[in-house]
1. Looking at Leu392, Leu354, which is the one that is without any contact (Cβ under 8 Å) to a residue 60 or more places away in the chain, under 24 Å from Leu229 (Cα atoms) and surrounded by fewer than 21 Cβ atoms within 10 Å (Cβ to Cβ)?
2. Kindly indicate whether Trp327 is in contact with a helix residue (DSSP H, G or I) (Cβ under 8 Å, 6 or more places away or on another chain) and closer than 20 Å to Ile215 by Cα.
3. For the stretch 140-248, which helices (runs of 4 or more DSSP H) that fit wholly inside it have 3 or more residues that are touching a Leu at 6+ places or on another chain (Cβ under 7 Å)?
4. Filter the stretch 51-97 down to residues that are among the hydroxyl-bearing types (Ser, Thr, Tyr) and assigned to a loop (DSSP other than H, G, I, E, B) and give me whichever is nearest to Ala108 (Cα to Cα).
5. Please work out which one of (1) among the hydrophobic types (A, V, I, L, M, F, W, C); (2) assigned to a loop (DSSP other than H, G, I, E, B); (3) crowded, with 23+ Cβ neighbours inside 10 Å is the condition Leu280 fails and give its number.
6. Give me the residue from the stretch 116-143 that is within 17 Å of Phe73 (Cβ to Cβ) and in contact with a helix residue (DSSP H, G or I) (Cβ under 7 Å, 6 or more places away or on another chain) and, out of that set, modelled with the highest pLDDT.
7. Restricting to the stretch 109-134, what's the tally of residues that are surrounded by 13 or more Cβ atoms within 10 Å (Cβ to Cβ) and over 30 Å from Ala30 (Cα atoms)?
8. Consider Leu247 against the criteria (1) touching an Asp or Glu at 6+ places or on another chain (Cβ under 6 Å); (2) within 16 Å of Leu196 (Cα to Cα): it satisfies all of them except one. Which criterion is unmet?
Amino acid sequence: MPLKHLLLTATLLLSSGCSLIKLDHEMQLAHQQLVLVSGQLQHSVDQHSALVALLDNQSHLVAYRIASPGEVFYFITPPGAYQLVAFDDLNGNFVIDPDEPRQWIIEAKSTPLTVQPSREEREQLGHLNELNLPADALGQAPELDLSLQVVYQEHPRFQRNYLQTVTLDDWRFDAQRTRMGTWQPVSFINELGYGLYLLGPWDARKEPVLMVHGINSSPKDWSWLAEQLDRSRYQPVLFHYPGGLPLDNNAYMLSMAIRDLQLRHHPKRMHLMAHSMGGLVTRRALQRLNADYSQQVCLFITLSTPWGGHPMAAHGVHDVPLDIPLWRDLSPDSPFLRNLFSQPLARHIRQWQLISYGGNRSLLPQPNDGAVPLASELLPAAQDEAERIYLLDESHTGILHSNRSAQLIKRALESLPSRGCAAD
């Protein structure tokens, strides 16, 4: 084993050995204690998206998704008896009305949890519970109201986590919960859950800027840059997720958050900013959006994103006998990373990339920013789609506190026309 390879492996084990064991244990428990309830919306009127609710055997709401035609939807849940109710919400009130197509699967099928399914396995998951919503699908279904007021009443966690005003000193963003999200992500979901937070009351006159943190991080990392935004025009929206879960799972939940935000609040346009691994999660989430949901997204700004993966992840996969799904995702040339550029983003989404190269660390390929190799940030496929690329002499985290970063983000926002996304 080459010396540098050996040192990288030793660094992995010495810096996070106990945490890796915790993460491996959590993944094993997830396989044992959770199942997938999945399916696919195969047809709807005018190819509308549908609201899909998972109910328990008492017809109480467990969770819901917004499913686009042809897309596999899924819920990860403990084993049990579940129902699925899907409907085409033609009038946008989040309630099944008499004239709206619906389908009720009284005994929804489930399957053992597959954390990182292959393409073939994902296709099979779509066949588990097939949904069709033609115009004449007006059969019996339980009463269902997914309006925000009702969901808040029935699900206190949703009320705590969805578009509620917080400060960046919130206890959910502290170091302990951040570590939990990385090394005990299932515990994070059980204790906190995914979050979409505001720094002030929702204001329909302002354009949302959705901010996505990286691994071993939290929305608190955006403290300085969020303060630099023109708050008279833009409102920060903070996505909080457990960094230790597979990237595609987090991307799926981010895509759900974007859809839900648009369906409930109808912003005329919105923008996304992502740091480090958050850029990978966000790009995959944007790929998941069909035209109904992507057309309002104008700017996608990434900071220090390792588009080409990370060599330490590859060493971990090859040399450490533990089940760490995130390492597989971040290994260069992984299936996740290959798929990330197999489908370009919608052409109107303007991509700006801020690249950090300061803070070299000797164990990483040179040059690097102290955490990510520069070559990974400058992946050719990522460059090909970028409208602007800027190199900043900042470290991997220093870029979040850089005047130059703030200036470039301001420039990107000011480059937008008064309406729409196209350049002037």
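The values are calculated or read from the model by the stated rules, or taken from the named source; none is laboratory data. Bear in mind the structure is a predicted one, so any value in this text is a computation, not a measurement. With ideal geometry, Cβ positions are generated from the backbone for all residues, glycine too; neighbour counts draw on all protein chains shown.
1. Details: Leu354 fails: surrounded by fewer than 21 Cβ atoms within 10 Å (Cβ to Cβ).
After ruling out the rest, the residue left standing is Leu392.
2. Numbers: in contact with a helix residue (DSSP H, G or I) (Cβ under 8 Å, 6 or more places away or on another chain): yes; closer than 20 Å to Ile215 by Cα: yes.
Yes: the conditions hold for Trp327.
3. Values: elements: 148-154, 156-161, 175-183, 185-191, 223-228.
Once the helices (runs of 4 or more DSSP H) in the stretch 140-248 are filtered for at least 3 residues that are touching a Leu at 6+ places or on another chain (Cβ under 7 Å), what remains is 223-228.
4. Of the residues in the stretch 51-97, the ones among the hydroxyl-bearing types (Ser, Thr, Tyr) are 59, 64, 68, 74, 77, 82.
Okay, now just the ones that are also assigned to a loop (DSSP other than H, G, I, E, B), so 59, 68.
Working: Ser59: 12, Ser68: 19 Å.
Within the stretch 51-97, the match that is nearest to Ala108 (Cα to Cα) is Ser59.
5. (2)
6. The initial filter retains those residues of the stretch 116-143 that are within 17 Å of Phe73 (Cβ to Cβ), namely 117, 119, 121-133.
Next, from what is left, pick out any that are in contact with a helix residue (DSSP H, G or I) (Cβ under 7 Å, 6 or more places away or on another chain): 117, 133.
Numbers: Pro117: 86, Leu133: 96.
Filtering first and then ranking leaves Leu133.
7. Of the residues in the stretch 109-134, the ones surrounded by 13 or more Cβ atoms within 10 Å (Cβ to Cβ) are 109-111, 113-117, 122, 124-133.
Going one step further and asking which of them are over 30 Å from Ala30 (Cα atoms), we end up with 132-133.
Going through the stretch 109-134 one residue at a time, the tally reaches 2.
8. (2) is the only condition that Leu247 fails.
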